[in-house]
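The values are calculated or read from the model by the stated rules, or taken from the named source; none is laboratory data. What you are looking at is a predicted structure, and each value in this text was computed from that prediction instead of being measured. Backbone-built Cβ (ideal geometry, glycine too); neighbour counts: all protein chains shown.
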Amino acid sequence: MPPKFVAVMPAAMPELASVTSLASSALKQEELFPIREVSRLTGVNPVTLRAWERRYGLIQPTRTDSGHRLYSQADIDAVRSILAWIERGVAVSKVGSILAKSTSSRSVAAPAYDEVSTDDWSQWQDQVRNALQNFDEPRLERLYGQIFSCYPLPVVFQDIFMPVWQELLLRQDEVGQRGQWLMLDGFLRGRCRQRLQVRRGETCDRVLVVALPSHCRELELLAGALLLHNQDIDITVMGPGVPIGDLALICERMRPQALIVFSNQPPGAEFPQQLVRLALGLECPVALAGDSADLAEESLAGSAIACLGNEGRLMQRRLKQFLAGHLDT
């Protein structure tokens, strides 16, 4: 039976009904978008979308009996992920293997609560977008509290808020998008700092998290640090933009149990060697986290640098193993 096509409503529609409606969720699961609408939503022209499908297999839309392409919300999210990697300098020919590895990491790390339909996350994202379109910070604050009451921290940041932030970042040239991005960026940075302060206590392990110049934005660093945090680890964040030459002095005086370098940029040819040289001059162990951890894992194999990955639950588990000396490097 061919997939049911549901007409797409304008972007300025009122906020979606509560996620408690099972009928609404079932309808959204069947919602499919024609290529022209996907092009409007993502800014990628139809010729490029077809090329990504045929040449690289990056997206696999459904076909109608007449051969027309219809894209799911998951396909649209994949297009935005592809754009994000290209924006970071990764060649489109290499994006497929990165996305596959990221999906594999998520499936390994995901506990039972991830069985909740991602359509629920999408509906929350729509409500966040609506609050941002109206520059309604009190409503954004309420949504933040409601979402936290429904989901654990990794889902809140990594699966609901950060995809909206990334989407707006990529569309800053459009009218109104930069203002919305700035509002969400400032809001989330404040909430990350607040949660990092609240979670700080008298713990046995103090970990320093830094980002080198141009390796990530401040919110990405703060959110990554928050995802690494747990009750047994005191996370101190410095940066972004710490020169690699300053880290030996900083670690000598702060004496952390471990140094974590956070990076979301594709690692250049010199980056793994820089980290290895850095580790040789420190008394504490060094780990790499963020998107670069997956990309540089092979080049760092056999070195003293541990790769923690880029998925929140996986990073936290690997950090615990790393501090206990049980994570292979």
>> Being among the polar types (S, T, N, Q), assigned by TED's automatic domain parsing to the domain that holds VAL210 and more than 16 Å from ALA211 (Cα to Cα) narrows it down to one residue among GLN274, GLN231, GLN265; which is it?
In response: GLN231
> From the list MET238, MET183, which residue is in contact with a helix residue (DSSP H, G or I) (Cβ under 9 Å, 6 or more places away or on another chain), modelled with pLDDT of 95 or more and either among the aromatic types (Phe, Trp, Tyr) or at negative phi (or both)?
Replying inline: MET183
> Looking at ALA269, ALA211, ALA293, which one is within 14 Å of ALA306 (Cα to Cα) and among the aliphatic types (A, V, I, L, M)?
Replying inline: ALA293
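If you take the residues of the range 318-327 that are assigned to a loop (DSSP other than H, G, I, E, B) and without any contact (Cβ under 8 Å) to a residue 12 or more places away in the chain, which of them is farthest from ILE235 (Cα to Cα)? Explain how you work it out, then say what you get.
Our first condition is that a residue be assigned to a loop (DSSP other than H, G, I, E, B); within the range 318-327, this holds for 324-327.
Pick out the ones that are also without any contact (Cβ under 8 Å) to a residue 12 or more places away in the chain and you get 324-326.
Details: ALA324: 16, GLY325: 18, HIS326: 20 Å.
Among those that are assigned to a loop (DSSP other than H, G, I, E, B) and without any contact (Cβ under 8 Å) to a residue 12 or more places away in the chain, it is HIS326.
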> Across the range 256-268, what is the total count of residues that are buried (at least 19 other Cβ atoms within 10 Å of the Cβ) and part of a loop (DSSP other than H, G, I, E, B)?
Replying inline: 4
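Could you please find all residues in the range 86-115 being modelled with pLDDT of 70 or more and either closer than 18 Å to ASP159 by Cβ or of a type in the set (A, V, I, L, M) (or both)? Show your work before the answer.
First, pick out the residues of the range 86-115 that are modelled with pLDDT of 70 or more: 86-100.
ILE86, VAL90, ALA91, VAL92, VAL95, ILE98, LEU99, ALA100, listed by residue number.
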>> Condition (residue is over 23 Å from VAL175 (Cβ atoms) and among the aromatic types (Phe, Trp, Tyr)) applied to the range 85-93: is it met by at least one residue?
In response: yes
>> With over 29 Å from TYR151 (Cβ atoms) and part of a helix (DSSP H, G or I) as the only criterion, which of LEU222, LEU196, LEU212, LEU249 stands out?
In response: LEU249
>> Is it the case, given these coordinates, that ARG193 is more than 28 Å from ALA78 (Cα to Cα), outside the structural domain of ARG318 (by TED's automatic domain parsing), modelled with pLDDT under 95 and not β-branched (Val, Ile, Thr)?
In response: yes
> Within the set of pairs 6 or more residues apart or between chains, which connect a residue that is more than 16 Å from LYS94 (Cβ to Cβ) inside the range 52-63 to a residue that is at pLDDT below 85 and part of a loop (DSSP other than H, G, I, E, B) with Cβ atoms less than 9 Å apart?
Replying inline: THR62/PRO2; THR62/PRO3; ARG63/PRO2
> Residue check, GLN60 against (1) within 23 Å of VAL164 (Cβ to Cβ); (2) at pLDDT 80 or above, all met but one. Which one?
Replying inline: (1)
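Of all helices (runs of 4 or more DSSP H) completely enclosed by the range 269-317, which ones contain at least 3 residues that are modelled with pLDDT of 90 or more and surrounded by fewer than 19 Cβ atoms within 10 Å (Cβ to Cβ)?
Values: elements: 271-280, 291-295, 297-300.
The qualifying helices (runs of 4 or more DSSP H) are 271-280.
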> If a residue has to be surrounded by fewer than 18 Cβ atoms within 10 Å (Cβ to Cβ) and part of a loop (DSSP other than H, G, I, E, B) to count, how many in the range 160-184 make the cut?
Replying inline: 5
